[in-house]
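Take a look at the structure below.
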């Protein structure tokens, strides 16, 4: 097998490991649209990275964090609903990214690669960043697992029981931004949220506990990456969409499984 | 505005939607910081809180047992005993998303009791519960107060019918409108014939004694100015 294919495989698997458990929280907390909005900051991040000469993944990560920060601050105003706010900011930063890139004549950007992913161009530095994110996200989630679950079910109750609610929420945003930054390399900004959400949604039917769902989500993500990549090699179709399509098929198949963790089947 | 809950005392907070009940509760719980004023707590006070809503979505696989131990781990025997105490029965292994509204209130109460609280704060524990179950829950809360000796702060949207064991009712409409002791309704024959003696014994009528009324914007104004609708309530004679 070619080197670039092995790097793609490793990168995709790493991204799926990073996205699996974080995706569960995105699904549980209904943050799908929030994630989509964050992903729209990718192009502006790429332009920023070029200007400051930093790794694209790091620059995208920083830009996603900045957008998340803006959203958090603006969420407190009551003038515009959060839903409308997400729609406004997401498309504003997306448009800004396109315009800034058009201005930068020295920058030759493969737009399609950023929109739909360019997994076959994963390099050594990318691999490092992807696996650092996967390890960091897994460790951070394990560390704050109970608190995160508690805040997910009820913020006020968690606060009364001594959970540092704001810090826990920020941690989750931080991890989501990191996952989007590495996932965008694999499946592109338009599909990155699919890599986060679909495996988690597909994992629900085979899980009786939150932990099982996090693990199942990771496994499904990894399987989708492997199958999608080989499928793209076999039939010469773009890898990112192939991965997302496989994950979607797995989600559809999961609907045929009777639900676990219902009707008192736990324990 | 001034509100105090002493050990073993039951304070019921009543008021219409938007009266500021939830905000006041959140301030007392320390979730939001007040713009002015202060919250004084007995040092080392543990608070058990039962929120009005919890996010229960079947996309999150979570059993009642798991929910109860989200705050702190506890042995299974203790959880079973607690569920027994709040009258929820053997539902530890049931999914949180599938238990009934009444069961959920009891489970929330159990989670609050798990902390061995000195103060129990219950935000509308009767929301969506029928009258008979309401009176059972009231009875349960009174029993818990007697057994654990904790203070209870109860929020209710019902302006007139309050828990019979209430020591003080505080009526809120962006400020304390009035407060006082509720009167019994057990002597009210019509009520008894409607709901039976058991239900009637757990409920009490609170007579509001406002010395002002509120205009359309909710601003307080003197009783005699203007005509028409007055929020002054007369909730049956004790």
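How big is D, in µm² s⁻¹, for segment B:56-114 by Stokes-Einstein at 37 °C and 0.692 mPa s if Rh is the Kirkwood radius over C-alpha pairs?
Estimated diffusion coefficient is 294 µm²/s.
Here the extension length gained between residue A:249 and residue A:52 equals 66.9 nm, from 0.36 nm per residue of separation less the Cα-Cα distance.
Taking 30 Å as R0, compute the FRET efficiency from the Cβ-Cβ separation of residue B:36 and residue B:158 and round it to 0.05.
Values: r = 30 Å, r/R0 = 1.00.
So the FRET efficiency works out to roughly 0.50.
Please find, in a Gaussian network model of chain A (springs between Cα atoms separated by less than 10 Å), the residue of A:135, A:159, A:239 whose mean-square fluctuation is greatest. Looking only at A:135, A:159, A:239, the biggest GNM fluctuation is shown by A:159.
Convex hull volume of the C-alpha atoms in segment A:3-188, normalised per residue: 113 Å³. By the helix-only formula, in which each DSSP H run with n ≥ 4 contributes -39500 (n - 2.57) and the sum is divided by residues, the protein assembly as shown has a 222 nm mean residue ellipticity of -18000 deg cm²/dmol. Counting neighbouring Cβ atoms within 10 Å and putting the fewest first, the residues B:2, B:167, B:146 line up as B:2, B:146, B:167.
Among A:54, A:125, A:26, sorting on how many other beta-carbon atoms sit within 10 Å of each Cβ, with the fewest leading, yields A:125, A:54, A:26. Pairs of C-alpha atoms in the protein assembly as shown farther apart than 44 Å represent 30 percent of all such pairs.
Using 0.36 nm per residue, how much length does the chain from residue B:23 to residue B:3 gain when fully extended, once their Cα-Cα distance is taken away?
Numbers: separation 20, 0.36 × 20 = 7.20 nm, distance 1.35 nm.
Fully extending the segment from residue B:23 to residue B:3 adds 5.9 nm.
Remark: B:32, A:100 ranked as B:32, A:100, counting other beta-carbon atoms within 10 Å and listing the fewest first. Largest GNM mean-square fluctuation across A:245, A:43, A:111, computed for chain A with C-alpha springs under 10 Å, falls on A:111.
We did not get these values from a lab; they are worked out from the coordinates using the rules stated. Bear in mind the structure is a predicted one, so any value in this text is a computation, not a measurement. A quick note on method: Cβ atoms are made from the backbone with ideal geometry, for glycine too, and the neighbour counts reach across all protein chains shown.
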